[in-house]
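Below: one structure, written as structure tokens.
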Amino acid sequence: MAFNKFNVLHWHIVDDQSFPYESTTFPELSNQGRYSPAHVYTPKDVYKVIEYARLRGIRVIPEFNTPGHTKSWGKGQKDLMTPCYNQKLQNGTFAIINPVPQSTYIFMSKFLEEISQVFPDKFIHLGGDEVPFYCWASNPEIQALMKSTGFKELNLLQSFYIKKLLNVVLYLRKKAIVWQDVFNKKEKLHSGTVVQIWRRELYSTYQTMITDAGFQVILSGPWDLDHISYGEDWIKYYEVEPLDFSGSQKQKQLVIGGEACLWGEYVDGTNLTPTLWPRASAVGERLWSQKQVHDLLDASKRLTTHRCRMVRRGIAAQPVSVGYCDHQLNE
């Protein structure tokens, strides 16, 4: 990351499939939710990552995504998840955190307090994307809450839940980042909340809407490195102009950065590095460059040279195109 001018590591540390973060406050979360005893991040591991990054000028922002993407949480925290129903009968599945009981917010408050102490950065990413509303919709307890509060849409219930967490983050003197799914023009988020745009489709439209509402934006939609295509696909990342959206200069100043995202569905230690580099290098240059810097031929030459520089340093960056590095002639 330091070689490629990235200065923030957004650590999406847990998800549906596994809860590898070893919490000192709630140790059963990882004891029950991890893949195996070997698949955990101990407090020592987390400290080493933060310190290793700090020495290279890189901040570490943790993401603990809720209320969706949380199936692994329910294994180690009793009564946290929403029971899903099928034809008025509980069907034994749990897909999302239950926003009804007060115990949910007591747990989340204590957990976020721990996170605020472990991670020194001013930001905590609260997630909020891809909420499986079908489970909430099937649950009679949720239906009763919707009726009593006057919520006509389930995304308003999501806003209700997220706002409770935003209050906790504010109390802890931190700032929150949320995914764009949480943004709703009808329901104002707390002032100071940063919204991250992940959808590739119409990302510039979201930039216009969110900045028009006065919120800062992080853009990652056009830089999703999961989507691998044949050939020199770094070009499509390089040609993105992050401020090319309808809005005033004041709105464009609310775009505080961009992010290259790599999710873990088809990535592990065997292919992580060559999947990232040098494709993410193109994103790094775009985010640090003026709009006028867009010569593809010049960029290709420099990217090829930089890829060889990374290989020489022991970073297994994949080729930009057919060819070899000069230093390999003597190997």
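The values are calculated or read from the model by the stated rules, or taken from the named source; none is laboratory data. All figures in this text were calculated on a predicted structure; none of them were measured in a lab. Cβ atoms come from the backbone with ideal geometry, glycine included; neighbour counts cover every protein chain shown. Side chains included, ligands, DNA and RNA excluded: accessible areas come from the protein's heavy atoms. Shrake-Rupley method; radii C 1.70, N 1.55, O 1.52, S 1.80 Å.
Give the shape of region 63-210 as rounded, prolate or oblate, defined through the alpha-carbon gyration tensor: a ≥ b ≥ c are the square roots of its eigenvalues, a/c under 1.5 means rounded, and otherwise the shape is prolate if a/b is larger than b/c and oblate if not. Kindly include the intermediate steps, with their values, before the conclusion.
Values: a/c = 1.76, a/b = 1.25, b/c = 1.41.
Judged from the Cα gyration tensor, region 63-210 comes out oblate (a/c at least 1.5, b/c at or above a/b).
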Estimated inter-spin distance, residue 316 and residue 36, nm [label 7 Å along Cα→Cβ]: 1.9
Acute angle (nearest 10 degrees) that the helix 43-54 long axis makes with the longest principal axis of the chain, alpha-carbon atoms: 40
Solvent-accessible heavy-atom area per residue, rounded to whole Å², over region 179-331 at 1.4 Å: 57
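Quickly estimate the mean residue ellipticity at 222 nm for the chain, helices only: each DSSP H run with n ≥ 4 gives -39500 (n - 2.57), and the total goes over all residues, rounded to 500. Don't skip to the end; give the middle numbers.
Working: 12 runs with 120 residues, N = 331.
Computed mean residue ellipticity for the chain: -10500 deg cm²/dmol.
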With DNA, RNA and ligands ignored, accessible area of residue 267 (1.4 Å probe; Å², nearest 10): 40
Gyration tensor (alpha-carbon) shape descriptor, region 1-46, a/c threshold 1.5: prolate
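Need the full-extension length gain, residue 208 to residue 268, defined as separation in residues times 0.36 nm minus the C-alpha distance. One decimal, nm. Present the calculation step by step, with values, prior to reporting the outcome.
Numbers: separation 60, 0.36 × 60 = 21.60 nm, distance 3.56 nm.
Value of the extension gain: 18.0 nm.
With the Cα gyration tensor of region 57-103 in hand, convert its eigenvalues to equivalent ellipsoid semi-axes via √(5λ) and list them largest first in whole Å. Mind showing how you got there, number by number?
Numbers: eigenvalues 159, 24, 16 Å².
Taking √(5λ) for each Cα gyration eigenvalue gives 28, 11, 9 Å.
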Cysteines without a disulfide-compatible partner [the chain; Cβ-Cβ under 4.7 Å]: 261
Descending Cα extents along the principal axes, region 9-72, whole Å: 34, 23, 19
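Quick one: of 252/301; 110/175; 163/188; 110/188; 122/291; 48/122, which pairs are farther than 21 Å apart, Cα to Cα?
On the way: 252/301 31 Å; 110/175 17 Å; 163/188 9 Å; 110/188 25 Å; 122/291 29 Å; 48/122 19 Å.
In this structure, 252/301; 110/188; 122/291 lie more than 21 Å apart at Cα.
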Under Karplus coefficients 6.51, -1.76 and 1.60, residue-wise ³J(HN,Hα) of region 101-108 in Hz, glycine/proline x: x, 5, 4, 4, 6, 5, 4, 5
Read-out Kirkwood radius over Cα pairs in Å, derived from the coordinates shown; its label in (i) 20.2; (ii) 21.0; (iii) 21.6: (iii)
Cut-off under 5 Å, modelled amide H: who pairs with residue 85 long-range: 91, 138, 139
Cut-off under 5 Å, modelled amide H: who pairs with residue 21 long-range: 41
3J(HN,Hα) from dihedral phi, region 208-213, Karplus parametrisation 6.51/-1.76/1.60, rounded to Hz, x for glycine, proline: 4, 5, 6, 5, 5, 7
Rounded tilt (10° steps) of 296-312 against the dominant C-alpha axis of the chain: 80
Per principal axis, descending, Cα span of region 1-120 in whole Å: 56, 27, 26
Cut-off 11 Å (backbone N to label point 7 Å along Cα→Cβ of residue 174), residues of region 45-70: 61-65
Distance-filtered residues of region 1-19 - backbone nitrogen under 18 Å, label point 7 angstrom along residue 54 Cα→Cβ: 2, 7-11
Residues whose placed amide H lies under 5 Å from that of residue 12, excluding near-sequence neighbours: 63
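Under the rule a/c < 1.5 gives rounded, and otherwise a/b versus b/c splits prolate from oblate, where does region 171-313 land using the Cα gyration tensor? Intermediate values should be presented prior to the final figure.
Values: a/c = 2.25, a/b = 1.62, b/c = 1.39.
Prolate shape, in that a/c is at least 1.5 and a/b is the bigger ratio.
Order of 276-282, 52-58, 152-158 by packing, highest average Cβ count within 10 Å first? Provide the component values of the computation, followed by the final result.
On the way: 276-282: 24.1, 52-58: 13.0, 152-158: 16.0.
Order by mean packing, descending: 276-282, 152-158, 52-58.
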Proximal lysines relative to residue 88, as straight alpha-carbon distance under 21 Å, when same-chain residues fewer than 8 apart are discounted: 147, 152
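Quick one: with all protein chains in place, what share of the accessible area of the chain is carbon or sulfur, to the nearest percent (1.4 Å probe)? The partial results should precede the final answer.
Working: 9340 of 17660 Å².
So the carbon and sulfur contribution to the accessible surface is 53 percent.
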Estimated vicinal HN-Hα couplings, Hz - region 119-127 in sequence order (Karplus 6.51, -1.76, 1.60; Gly, Pro = x): 9, x, 4, 6, 9, 10, 8, 9, x
